[in-house]
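All of the numbers you see were taken from the coordinates with simple rules; none came from a lab. Keep in mind the model is a prediction, meaning the values are calculated, not measured. Counting neighbours? That spans all protein chains shown, and the Cβs are built from the backbone with ideal geometry, glycine included.
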């Protein structure tokens, strides 16, 4: 298919569904913030100023300032890169590993299927957030380990989707035909089955991104992973939580809202992505 | 190197048994468990000559598809030999067959053109794949060849860029045929190639297939339960019942003077325009189960209108009744 037709299809899906278009616009905005956050932020996110402690939102500080006088807007903007980066890395990890394991399980069956499925069941048997906490606690308190922990707890979802989608297609005529065309089993899995399971997996990725952001922020909220001076939505909410009672709501409200918006955006994105990737929606 | 006196394909006493999962207790008792075997293909002999067109008919579940998968070498036989141009290919594991030189010589047109095309591959991608993987073509040589094949199956060039869901049933069938003949195989297996098509398209596709056979000099193994199609296109017919060939012979002879009671019943079921409804032979009873069938008994007994005690004592084997015409029945019809 030509690139032009692909672009036309993307435009068609966006025009057809304004909610998707909105989600994509929001996503684009977040990506901009993530990439150029340090240059877009009006103030230094780490600079403290004792004379401007806990100021409410104003023209100078749109989101107000925190207990150390740091500009919350700047911190929220700069944090986007870290939060998105962690979530993206975790989701890509679990997508790659989960799809490979799940697709093999669904295609080859037998002992591969049994062991992979039991692995997924075992992970699912834990309360996932507690498992993530345990993994970070065991591996060490660092950003990489938050990524690994988030990837591991998301693994079962990819394994299950990939396994079931491959399983329903492994006896399809086109798989048998691919064998006759000279494909080895591994090639069939990679070039015939994998592209066909992408639409449902894409939805999973998008839903998962939101969830991964929430998870990474959650771990930071309870003090794991990201260290305090570094701006990160979870930590910012945690730091502001104690000021809620005394009336300084903006300290945790804005990072929380942005976090919620990001998760919401990814959830909406899922449907749109599926439509774009599914060739049957192409006209 | 290639022995021309040998038939193109020679299958001898090939069997495929599938173990069935037995509903056992939670704790498997080794001694008590004996896996039941489903005899899908149970000792089949067949040979296909160069340029010959052979029909394989039989009801659903008789093992046609399993036999086809054994011949296309995507399934390993339990026993027996499959020789292609004199070389034993039955012993090559199906998982390795994709890289064997015979792969490109044995191709297949699938029953359902929708199911057999990858929904994410354009017609061009689908036709290109065997040429790339087995024909080692690339670049302009590849695209020239794709266009030549599209012309051969009378498919407009503009359709090559389309996905299966943008093609009609007949066009999809052409893509499937183009993929199969792209490498000019010597044996083409056609698994009910027209079953999923409209009657009007069926005729066109059948003409195309007959044309292609002449142009490319392929042998056909035509699997169908549409007996009229087999009668039109095939030189020889084999009738299969529960994993075995019960009658095989020249198409004319089998259709005009069937010897096996099952073949007679099958032929009488062809819908005709004349008021011949009364001549239809109805088979009573259910087919014997293919799971661990009694080897000392005719498989057709119980449904056979001619069944006698002798049929429960031994299983008939294929016996030559006339030149090239063999029947497996204790009480065959006389010519």
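Quick notes on this structure:
- Mean projection area, nm², convex hull over Cα of chain B: 20.9 nm²
- If you run the Gaussian network model on chain B, springs between alpha carbon atoms under 10 Å, then out of B:42, B:198, B:112 the most flexible one is B:198.
- Evaluated at q = 0.11, 0.15 Å⁻¹: base-10 log I(q)/I(0), Debye formula over Cα of the stretch A:98-177: -0.35, -0.58
- Hydrodynamic radius of the stretch B:91-131 per Kirkwood, over alpha carbon pairs, in Å: 12.0 Å
- Per residue, the convex hull volume that the Cα atoms of the protein assembly as shown enclose (Å³): 219 Å³
- At 0.692 mPa s and 37 °C, Stokes D of the stretch A:182-243 from Kirkwood alpha-carbon radius, µm² per second: 227 µm²/s
- Relative exposure of B:129, B:333, A:232, B:256, judged by other C-beta atoms within 10 Å (fewest first): B:256, B:333, B:129, A:232
- Among A:155, A:131, A:101, the residue with the largest mean-square fluctuation in a Gaussian network model of chain A, with springs joining Cα atoms closer than 10 Å, is A:131.
- Considering all different alpha carbon pairs of the stretch B:217-265, the Kirkwood hydrodynamic radius works out to 11.2 Å.
- Exposure proxy shown here: for B:109, A:53, A:251, A:130, the number of other Cβ atoms within 10 Å sets the order, fewest to most, as A:130, A:53, A:251, B:109.
- 4 °C / 1.567 mPa s Stokes-Einstein diffusion coefficient of the stretch A:169-283, Kirkwood radius on C-alpha pairs, µm²/s: 75 µm²/s
- As computed over chain A, the Cα convex hull volume per residue (Å³): 149 Å³
- Segment residue A:53-residue A:125, length gained on full extension (0.36 nm per residue, minus Cα span): 21.4 nm
- Between B:40, B:98, B:182, the Gaussian network model of chain B with springs among Cα atoms under 10 angstrom shows the greatest mean-square fluctuation at B:98.
- Diffusion coefficient, µm² s⁻¹, Stokes-Einstein with Kirkwood Rh over alpha-carbon pairs of the stretch A:1-71 at 10 °C and 1.306 mPa s: 104 µm²/s
- Equivalent ellipsoid dimensions for the stretch A:64-209 as semi-axes, Å, which come from the Cα gyration tensor, largest first: 38, 18, 11
- Going from the fewest other Cβ atoms within 10 Å to the most, the residues A:160, A:8 appear in the order A:8, A:160.
- C-alpha long axis of helix B:199-216 to longest principal axis of chain B, angle in °: 80 degrees
- Restricting the calculation to Cα atoms, the stretch B:82-157 shows an Rg/Rh of 1.02 when the hydrodynamic-style radius is the Kirkwood one.
- For the stretch A:152-212 versus the stretch A:1-56, the gap between their alpha-carbon centres in whole angstrom: 30 Å
- Annotation: average projected area of the stretch B:106-236 is 7.4 square nanometres, based on the convex hull of Cα atoms across all directions.
- The stretch B:229-335 - convex hull of the alpha-carbon atoms, volume per residue in Å³: 110 Å³
- Helix A:233-244 axis, angle to chain A major axis (alpha carbon atoms, nearest 10°): 40 degrees
- Between 0 and 90°, nearest 10: helix B:123-133 axis offset from chain B longest Cα axis: 80 degrees
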